[in-house]
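The values are calculated or read from the model by the stated rules, or taken from the named source; none is laboratory data. Bear in mind the structure is a predicted one, so any value in this text is a computation, not a measurement. Virtual Cβ from ideal backbone geometry, glycine too; neighbours counted across all protein chains shown. These accessible areas exclude ligands, DNA and RNA; they are computed on the full protein's heavy atoms, side chains included. Shrake-Rupley method; radii C 1.70, N 1.55, O 1.52, S 1.80 Å.
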Amino acid sequence: MKELDLSKSQTIAALRGRRVLITGATGFLGKVVMEKLIRTVPDVGGIYLLMRGNRHYKDARSRFLHEIATSSVFDALREERGKWFEEFCEHRVHCVTGEVTAPRFGLSRSAFNTLASDVDAIINSAASVNFREELDKALEINTLSLNNIAELAEASGNVPLIQVSTCYVNGFNQGEIKEQVLAPQGKELPRHEQGYFEIYSCVAALQEKIEHVRGQFEGRALKGALIDLGIEEAQAAGWNDTYTYTKWLGEQLLLKMLRGYPMTIVRPSIIESTLREPKPGWIEGVKVADAILLAYARGKVSFFPGKRSGVIDLIPADLVANSILLALAEQFIDPGKHRIYQCCSGGRNPLTMGNFIDHITAEAKENYQHYDKLFQKPPQRDFKAVDKRLFTLVISTVRLALALFNQCLSKLGLRKKVRAKKNIDAAIELSAIFSFYAVPKYRFHNDRLLSLSKAMGAVDQVLFPVDSGAIDWQDYIRNVHIAGLNHYALNGQAHSTRSTSSAIEAAAKAITEKQPQRVPAKGEKA
């Protein structure tokens, strides 16, 4: 292969010497973006990381050294440029201890102004990606915190901002979805002549409802009520879940506040393991879709609500990171405009639910023994996609029968638990969120992103590929993604039923919570 002439890379030239602030660097995508920037643009001016401390590490620097710098995402850099990478982390990674949801990130005014003067660009990937988050938390992180991001962009003197969003801000809109702002399907909001929607009255109404719920519930019941409120409000407004609704609200806030400022919204679809860089199949944690795969591998789920002919939209994380860096470079080259790019595969290289399932089950049957952390024995059944109404009917019937059986055992003085009931509960919990994505009525397109890639030139198309058309889905799912899930996401969980079950349960818990029980409000008699 002919060696690339890096001097012809517009992206490297645009990012060279720049000081880039990244939020959300402790997350899966944030790490991939950071690694790609360091490895591909080694003379970047510096990387600033805004993150809060936690119960293990009180300040951002300690957290970076123990939770980020040690990540396997940097293995290639450590192997190829170990000493250089250590020096880069010491001298050019600047850690700022702050909270993205707090005014000025919780910094003093002088510290905030210093940060604003230090950075040349902002990549905001901080978010709550819990699909069923409590509404107050989701609103605070995914919407209201963007007031602070916008304030920093303004104080920094018109620096480019890349806002990482999601394709699913398009909500219940159907058909061919392009890179634009679409009207909600369930709520009428005033639209500005510049294309964004006025959301302040909507946000104020949500905050009033949150306060009303806080006056009725306490403790765990309050958490459950806020989760329910989020889902209820999201679906009434035209979205499937709280996450995508609050991300859409955040987009509108930025489009209004940063009129005339250089800003690009990058919308990925379902982000999965890397296609090629830094290592094929690199992934961190068990995502929702992977929790379903894991549940199938453990024999907990063998059928799921889905449409075999429906196009599900997966995108490898490295293609998303490349899109973010291309978009940032473009804002340096041609600043001042608002742009929207979608990182997706449905319009360019469609993967049907049926093919996705077939690739998973074929690999499981033929090579399960190679994935010691996924499979403890060969799958006993095929994994099937069924009509959602049939799924609900069957699951409800079986669950009722198991409940009656448990009652009979209890009356007989037997306390033996039925494992099948736990499996049924797992299927119900997982289907509560993923069934929307498994029966798609939309197809995402990214013609503008592909045009940007082409405009940046042949060298950047090789260095920063974004085209999902290059993905061989059978190879990716069978040889890259499943292997990566086994090697990276489940590292240290070999032959552990308990740890793998915990991963499934944690993913399911993040999706749904039990219905809240009414608790007397403060001062109210029980």
Point-to-point label distance, Arg19-Asn479, nm (Cα→Cβ direction, 7 Å offset):
4.5
Suppose R0 equals 35 Å; then what is the FRET efficiency for Asn491 and Tyr200 from their Cβ-Cβ distance, rounded to the nearest 0.05?
0.20
Packing-ranked peptide list from 321-333, 343-355, highest mean Cβ count within 10 angstrom first, is 321-333, 343-355
Computing the accessible area with a 1.4 Å probe over protein heavy atoms, can you report the carbon and sulfur percentage for the stretch 137-294?
47
Under a 1.4 Å probe, counting only protein heavy atoms, His370 has an accessible area in Å², nearest 10, of 120
Send over a whole-number figure in Å² for the accessible area per residue of the stretch 202-305, probe 1.4 Å.
31
With a/c under 1.5 counting as rounded, go ahead and sort the stretch 344-386 into rounded, prolate or oblate using the C-alpha gyration tensor (a ≥ b ≥ c being the square roots of the eigenvalues; past the cut-off, prolate if a/b is larger than b/c, else oblate).
prolate
What percentage of the solvent-accessible surface of the stretch 1-84, computed with a 1.4 Å probe over protein heavy atoms, is contributed by carbon and sulfur atoms?
49
At a Förster distance of 41 Å, what's the computed FRET efficiency of Glu218 paired with Glu193, Cβ-Cβ distance as r, to 0.05?
0.35
Assuming a ≥ b ≥ c are the square roots of the Cα gyration tensor eigenvalues, decide whether the stretch 118-244 counts as rounded (a/c under 1.5), prolate (otherwise, with a/b larger than b/c) or oblate.
oblate
Evaluate the distance, in nm, between pseudo-label points positioned 7 Å from the Cα of Ala155 and of Ala236 along their respective Cα→Cβ axes.
3.7
Relative contact order of the stretch 1-120 (C-alpha contacts under 8 Å, at least 6 apart) in percent is 28
In nm, to one decimal, how far is the modelled label at Arg308 from the one at Arg381, with both set 7 Å along Cα→Cβ?
1.7
Can you give the accessible area per residue of the stretch 318-373, in Å², using a 1.4 Å probe?
32
Using 0.36 nm per residue of separation minus the Cα-Cα distance, give me the extension gain between Ala455 and Asp5 in nm, one decimal.
160.3 nm
So, by mean Cβ neighbours within 10 angstrom, what's the order for 252-263, 272-283 with the highest one leading?
272-283, 252-263
Rounded to the nearest 0.05, what FRET efficiency do Arg109 and Lys337 have when you use their Cβ-Cβ distance and R0 = 45 Å?
0.90
